[in-house]
1. Roughly what angle does helix 104-114 make with the longest principal axis of the chain, taking Cα atoms, 0 to 90 degrees, to the nearest 10?
2. Using label points projected 7 Å from each Cα along Cα→Cβ, tell me how many nm separate residue 95 and residue 330, to one decimal.
3. Quick check on the exposure proxy: order 171, 292, 161 from fewest to most C-beta atoms within 10 angstrom.
4. Taking only DSSP H segments of four or more residues, each worth -39500 (n - 2.57), what value at 222 nm results for the chain once the sum is divided by all its residues, to the nearest 500 deg cm²/dmol?
5. Highest mean first, how do 186-196, 279-289, 28-38 rank when packing is the count of other Cβ atoms within 10 Å averaged over residues?
6. Which semi-axis lengths, in whole Å and largest first, follow from the square roots of five times the eigenvalues of the Cα gyration tensor of the range 63-164?
7. Would you mind classifying the range 10-124 by shape? Square roots of the alpha carbon gyration tensor eigenvalues, ordered a ≥ b ≥ c; an a/c under 1.5 is rounded, otherwise it is prolate if a/b is larger than b/c and oblate if not.
8. Pairing the Cα long axis of helix 148-166 with the longest principal axis of the chain, what angle in degrees results, from 0 to 90 and rounded to the nearest 10?
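Only the coordinates and a few stated rules stand behind these numbers; no lab work does. Quantities reported herein were computed from a predicted structural model and do not represent experimental measurements. Don't worry about glycine lacking a Cβ; one is built from the backbone with ideal geometry, like all the others, and counts go over all protein chains shown.
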Ligand code: NAD
Ligand code: UFG
């Protein structure tokens, strides 16, 4: 029986992964410092799965705590979600990001090495590609992130590549997410931003539920079909199913492998808004604003490599993503509060 330590396990994606791994028959242990999540999610995980996995409130950079976890549980692998993720904040507070995301991950890897656990799947991001000049990103493109957050992801990828190069026992999957959205279809767990959302889908959801007055659409003069930015939105349930496939494949694939997790299809901001209006049966007022610095016009995932190597591909379309996101938001207008 495998036991997976899920870092960031009470966060948006980590909580969905917790449910997914429990349903697949894995034992799990959760570690999170609750810097961007709520302990209330633990009860929701229990309601959904009938199980209450052990939870440690603490930091991935706390080596004695990691020792305690490895000593108490026979951890066979790690799903590493813990990290800070706000791009603009990373520009203002770079050291906090490097310390939390990079130094924290290095401490986690050192604990793994010490306790002989060398299997890990890592939450990377499409942001590691920077602006490669193509719209369909393939895993072999050069990495050139353009902000501190993206650089923390590339640095952790570098650490993991170097570990695998130095010791052939390590098995690592670098999972480069495109734009995760949606929620568990039960509406019991979902994304619960603690401040004004930075990202499109939670912002639209907040406007739909009435906690924010109007959506600001950043740019309507991009060289895209309707002038607004195009991204590859992926249902969080598909995303975590990709983690399950990636974790299972570690036994077949030694070394370090990067996989895109996206649908391979782009949707514009206006298409997302239209899908949300249809799902929620209410208007989403919006205003066009200047482009957001650092944003690209259009990109999406090339998904052939992931499909071939992991036998996984996304199942859910944009309408299902917004329906599930809205179902969560309308049932939990204040998140977990
Ligand atoms: P989230 O903020 O909801 O979850 C991250 C969790 O990690 C939070 O619960 C937070 O409390 C915890 N955490 C942060 N630093 C920690 C530390 N030092 N020790 C212990 N716990 C810590 O974010 P999410 O959307 O679930 O993202 C999960 C991972 O996926 C992150 O690494 C993020 O960078 C990455 N990612 C997210 C997106 C996205 O759009 N959501 C896209 C690409 C990559
Ligand atoms: N957008 C708006 N209004 C908003 C928020 C976003 O118009 O209030 C637009 C953006 O300009 C962009 C699109 O909606 O065209 C998507 O923006 P998000 O902020 O939702 O997502 P990004 O693609 O900018 O960034 C996301 C994650 C990053 C990650 C990146 C990887 O937030 O952490 O994907 O590709 F690095």
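1. 30 degrees
2. Between residue 95 and residue 330, the label points sit 4.8 nm apart.
3. Lowest count first: 292, 161, 171.
4. About -11500 deg cm²/dmol.
5. 28-38, 186-196, 279-289
6. Ellipsoid semi-axes (Å, largest first): 27, 16, 10.
7. oblate
8. 30 degrees
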